[in-house]
Amino acid sequence: MNTTFLAMSISMLLGIGLLLGLGALSILSGALNFLFVKPKIGIYKSQLGDKGFAFSFEWDQNAEPVKFDRIQIHLFNPFGLPAQLEITREFEASSQDFVRDLDFGEKFVEIINAKGINDATIEFHVSSSSDNVSHQISIKGKAFIDKYKNATMTIDEVRENFMVSKVKPLFEIPERTFISPPLPKSSKALKLATNPEFAGQFSVGSTEAAGASSVPNFSVSKVWIEPGCIVCDACEAIFPEVFEVTDSTCIIRPGAPMDDGLRIQESAEACPVEVIKFTRIA
Ligand code: SF4
């Protein structure tokens, strides 16, 4: 068995092991989710008198996005009287944790006063008629009676104090996302090449305009390019009569005019690698 084959076999085994591990983890997390995120029913004080029953229902809405709209209360009382009773009520469907206070009628009064209720079992079936989902929650008769008789909080108070709206927030889109507001009006103009007011100062013939204003022109006796030109074309753009940019460097044209020192100086100052040199005539 050569080493390549051995290495491939080990890699495959590791890959399979990793996949199996991830699968097991996924199944385990699903099982834990099922165990710990169980539906819950809460019992509150009804505002509808003896026949009323107020309750809340909570479940994992992400795992089970359904609308519940029905509850059934089932008394299972094998050693008492009545031995069994069942009441079903429908209510406004809800896809979020909810509270309801419903009239369950005379049968509910019978359940509360059933003989042997402490040893009975009360089953709640909360279901969704549209999604065909049902949850059963069982509670011992004594615990149910204790909670029912000692309840002090109404569903209005529960709503007010505990039920946080789970409606997803909507994100507002501003009217203007990328367009900035106009600049405030000012008497000062921006000195940009694109501003017509200053265009002359950025043009090829700018030195003429500048010279006309203040700085006197001069002549040069010699202009040359030192090694290091990066062929950016800046000099030729400013003074094409003097500078010619080739594929690999910049050269001085034969017979280039030497009497416009200001434009040569401007080209030298514009050169990003400062390889344009000249000798000014004093
Ligand atoms: S400006 Fe300088 S770097 Fe650019 S082409 Fe002219 S000499 Fe070369």
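Rule-based calculations on the coordinates, nothing more; no lab input. Computed from a predicted model, the values in this text were never measured in an experiment. Because the Cβ atoms are built from the backbone with ideal geometry, glycine has one as well, and the counts that use them run over all protein chains shown.
Brief remarks on what is shown
- Cβ-based net charge around ILE276, under 12 Å, with every Lys or Arg adding one and every Asp or Glu removing one: -2
- Among the listed pairs LYS107/LYS140; LYS67/LYS115; LYS51/LYS147; LYS40/LYS149; LYS115/LYS149, those beyond 25 Å (Cα-Cα): LYS67/LYS115
- Distance between the C-alpha centres of region 225-282 and region 62-91: 95 Å, rounded to the whole angstrom.
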